[in-house]
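As structure tokens, the structure follows; a few thoughts come after it.
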Amino acid sequence: MNLTPAMKQYMDIKEQHPDCILFFRMGDFYEMFFEDAVIASRVLEITLTSRNKGREDSIPLCGIPYHAVSGYLAKLIGEGFKVALCEQMEDPREAKGVVKREVVRVVTPGLVMEAGSLSDKENNYIVAWHVEGDRYGLAFLDLSTGEFNVTQTEDHGDLITELLGLGFREAVFCETGEKDKILESLSDMKNNFITTRLNSKAFAYEGAFSVLKDHFSVDALKGVDFEIHRPMTRAAGALLAYLKDTQRDSLSHINRISWYHPRNYLVVDDTARRNLELFATIQDNRKEGSLFNVLDKTITAMGGRRLRRWMTYPLVCPERIGLRLAAVSELKGIQILRGELRDLLSEVYDLERLGSRVSMGVANGRDLVALGGSLETIPSLKGAIRDVESSMLSSIGESMDDLADITSLVERALVDDPPLSIREGNLIRKGYDDELDQLMSLSLDGKSWIAAMEERERKKTGIGTLKVGFNSIFGYYIEVTKANARNVPDDYVRKQTLVNAERYINEELKRYEETVLNAEESRKIREYDLFVSIRERIAQEIGRIQKTASLIADLDVLSALAEVADLYGYCRPDVNEGDVISISEGRHAVVERMGLADGFVANDTLLDGAANRFLIITGPNMAGKSTYIRQTAIIVLMAQMGSFVPARAAEIGVADRIFTRVGAGDSLARGQSTFMVEMMEVASILRNATPKSLILLDEVGRGTSTFDGLSIAWAVSEYIHDSERIGARTLFATHYHELTDIARTREGVKNYCVAVKEWGDRVIFLRKIVEGGTNRSYGIQVARLAGVPEAVILRAREVLHNLEKGELDGAGQPKLAGGGGLGSRKNPGQLSLFVNEED
């Protein structure tokens, strides 16, 4: 194929980025060729054309305007594609030969900065992991905020729990390392992610550690022992190297690296997160109907992300929890203060992401104005919490930097409403730069100069209708009607002929045009240079911006939790190191907001490490057992994240983990039945639970035969109850009424049931948990409520009666099959030789 120099250049650059769609800048467009063009035209719904159309060497082609790149980029990233942005690195008018071009940035689902591709209240994580024997290193980073976290664990389950909780968009790992088992464990993730495989050299310890030391300051690396945590170091260094390779930028906003251990927080694995519907509903993965949706009264995007983090990583230290609760309590009690704070927060944009955009050199004029306007509210925020009693609120106010220097710079330098483009001028305020003011005056004074020239030329020629004008195609001109064309002076040169007029130019207007057009171009260049300089000056203060943004996020979450507590009547829990979980008139935070016709019935809960260690809750379906056990776990989690809770009073002895075995769905694609999934979850609980854990069990054993299921449920209950084994605080909702007999053999077991009122052969659920067991499931009554036909209900009652009398009749036939049924049996069975039968 005979390629032009530009196409040869394209092919060379594309070869370096084979897994990306290459946006190749040509003038005012990004062009795509070959297979990239075919894919992009389909995904972006733009016209696919070709170069050398009709010839054998035609090349598929499509393009998009450079100024509209964000929308198209968001669409491709949303579909999971990687995009390499290739820019012109020199002015085409000054280039000798083909214009120099380079890829300045690779954009992937995990490395996106554009607002259209980001969810305001969710982090956009890219993760990397590395495995050495039984040690698992994990690093994850949000390029849009600069947040960089690392951890290491010796437990495969802990790694999977962390990964599933992050909801990441891209995973980076060694192409020769352990990945298949990890990827298999991630196969049920609700959100899609792309994978990036790097060679083993990227994960070499010495090289990875060198990348980290070169990038971070000595202070930033303090507190993280990279020499001991080798797998973590490899993951972190490889991830940072990948960013440097794809972003071609200093990444100065990634200036801190935070180490944590998962067990230093309340561990809520993916099963528990899903069953408790913390962030999305089980049925259709909607945010509405989740706990996050109820609690999220945050005003800012930063606050929304911080709330999500507090929910993902609840605390286990009562002192730290107490600081949060005290702050929420004060804001709940002082409505005027809370209202003032929330009004001020409504004026704050996403400082974390704005700061990152500034640091990476992709912020435009509107970003800087939004940044400056947000910072203007800080003195008022500091003033509002100056005299508070809460030490956490006081610390936030004292630590908040008002960044007055940046606010002043933006206010002095930029116009109030700058355009989107930073290369077309009209960005910089008059009076900021003398050289720019002179260039601006040439353009702005044009109208008065034209009016003066117009007046001079009318007097000189005697043509009263003569006018001087300008258009973007022909530039400046003198227009004279054709009736007056004979009076035109000799120094006028015809420029354009219209139907009723002629347009001319003379030497004076020509000189002025050159001056103005040069001034206009010089003005745009000067404004661009000034803007870049301003942006770089602000970027130098990125650490101060990030610290203040983090404090504002905390303040937003605290005010949001206070707002929720006040709106919904939550109480302040007493959180301590003890074993007691005592909840008075507890409610389910989400279910009570659903507008139930009969209202929500509150219930008490008492769990401890002694006589009330293991509660067995029996009762019919639809009576509220599952809601009750879930609300207990949700109240514990809310208390440990520092929130007030839906109850009249609550004492919470901190839990180290929350386990749930609530329902199960078939994983047929992985060859796992409902019962297999159930038993795997039970096995995980039995391996990992401690006396400080909170365990929720719902219908364990129901996935197999009745006798097998009952046997397993009984054995599991004993194992969890016994203090020499686990001794964990447990709520077990079950239909196996036989399990209530465990209370006869184990001192820590208590029986509870859901109260019902029988009315004839019908039943009314009272939703109240009362002490004592039940020996009935009321399944037939529930079937009637569900609308099962009356004929089936009558037959079921008959079969139940037969079953309760015994399994077999004298002839060895199942008694449950006796009676008239829905149809009589064709073969009544053979008579017994040994048993006397009634005629």
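The 3J(HN,Hα) values that the Karplus relation (6.51, -1.76, 1.60; θ = phi - 60°) gives for region 81-94 are, in residue order, 8, 9, 10, 9, 8, 9, 10, 7, 9, 8, 5, x, 6, 9 Hz. Gly and Pro appear as x. Label positions at R366 and V98, each projected 7 Å from the Cα along the C-beta direction, are separated by 3.6 nm.
Sorted largest first, the principal axis extents computed over the alpha-carbon atoms of region 10-122 equal 48, 33, 25 Å. Taking max minus min of the alpha-carbon positions on each principal axis, region 407-485 gives extents of 59, 23, 18 Å, largest first. For S187 and E424, a Förster radius of 51 Å and the Cβ-Cβ distance give a FRET efficiency of 0.60, rounded to the nearest 0.05.
Our summary gives the chain a relative contact order of 9 percent, counting only alpha carbon pairs under 8 angstrom and 6 or more residues apart.
For the chain, the fraction of 1.4 Å probe accessible surface lying on carbon and sulfur atoms is 49 percent. For region 114-189, rounded, prolate or oblate, judged on the Cα gyration tensor with a ≥ b ≥ c (square roots of eigenvalues), a/c < 1.5 rounded, else prolate if a/b > b/c? It is prolate, given that a/c is not under 1.5 and a/b is the larger ratio. Gap in Å between the Cα centre of region 311-380 and the Cα centre of region 555-631? Taking the Cα centre of region 311-380 as reference, the centre of region 555-631 is 29 Å away. Find which of I583, I182, G223 sits farthest along the positive direction of the dipole of the chain, computed with +1 on the beta-carbon of Lys and Arg, -1 on that of Asp and Glu, about the Cα centre. So the residue we want is I182. Working note: Cα atoms of region 508-576, range along each principal axis, descending, whole Å: 85, 28, 7. In this Cβ point-charge picture (+1 for Lys and Arg, -1 for Asp and Glu), region 76-169 has a dipole of about 560 debye about its Cα centre. Taking every protein chain into account, the accessible area of the chain amounts to 47 square angstrom per residue (probe 1.4 Å). Each listed q (0.15, 0.21 Å⁻¹) maps to a log10 I(q)/I(0) for region 429-470, found by the Debye formula over equal Cα scatterers with no solvent: -0.48, -0.66.
Where Rh denotes the Kirkwood radius from the mean inverse Cα pair distance, what is Rg over Rh for region 51-174? Write out the running numbers ahead of the final one.
Details: Rg = 20.1 Å, Rh = 17.7 Å.
A ratio of 1.13.
How would you classify region 145-198 from its alpha-carbon gyration tensor, with a ≥ b ≥ c the square roots of the eigenvalues: rounded for a/c under 1.5, else prolate if a/b is greater than b/c, otherwise oblate? Verdict is rounded for region 145-198. Extending 7 Å from Cα along the Cβ direction at R744 and again at E122 yields two label points whose distance is 5.2 nm. Computed about the Cα centre, the dipole magnitude for region 221-301 is approximately 220 debye when only Lys and Arg (+1) and Asp and Glu (-1) carry charge, each at its Cβ.
The residue among Q496, I428, S684 whose Cα reaches farthest toward the positive pole of the charge dipole of the chain, with charges on the beta-carbon of Lys, Arg, Asp and Glu, is Q496.
As a check on your grasp of the helix formula, calculate [θ] at 222 nm for the chain: sum -39500 (n - 2.57) over DSSP H runs of n ≥ 4, divide by the residue count, round to the nearest 500. Write down the numbers at each step before the final one.
On the way: 27 runs with 337 residues, N = 839.
The per-residue figure over the chain is -12500 deg cm²/dmol.
Translational diffusion of the chain was estimated from the Stokes-Einstein equation, with Rh taken as the Kirkwood radius over Cα pairs; at 37 °C and 0.692 mPa s the coefficient is 101 µm²/s.
Modelled this way, with points 7 Å down the Cα-to-C-beta line, the labels at N518 and N484 are 3.1 nm from one another. Projecting the Cα atoms of T151, G289, G167 onto the dipole axis of the chain, where Lys and Arg carry +1 and Asp and Glu carry -1 at the beta carbon, places G289 farthest toward the positive end. Cα centroids of region 408-440 and region 14-89: 34 Å apart. Only the Cβ atoms of Lys and Arg (+1) and of Asp and Glu (-1) were treated as charged; on that basis the dipole of the chain about its Cα centre amounts to roughly 1340 debye.
Give the relative contact order (percent, whole number) for region 384-434; include only Cα pairs under 8 Å separated by 6+ residues. Over region 384-434, the number comes to 23 percent.
Measuring against 23 Å, Cα to Cα, the residue pairs K14/K213; K121/K181; K82/K181; K181/K222; K332/K382; K430/K467 contain K14/K213; K121/K181; K82/K181; K181/K222; K430/K467 as the ones spanning a longer distance. For the pair region 467-532 and region 228-288, the centres of their Cα atoms are 60 angstrom apart.
The values are calculated or read from the model by the stated rules, or taken from the named source; none is laboratory data. Model, not experiment: these values are computed from the prediction. Backbone-built Cβ (ideal geometry, glycine too); neighbour counts: all protein chains shown. The accessibility values were calculated without ligands, DNA or RNA, using every heavy atom of the protein model including side chains. Shrake-Rupley method; radii C 1.70, N 1.55, O 1.52, S 1.80 Å.
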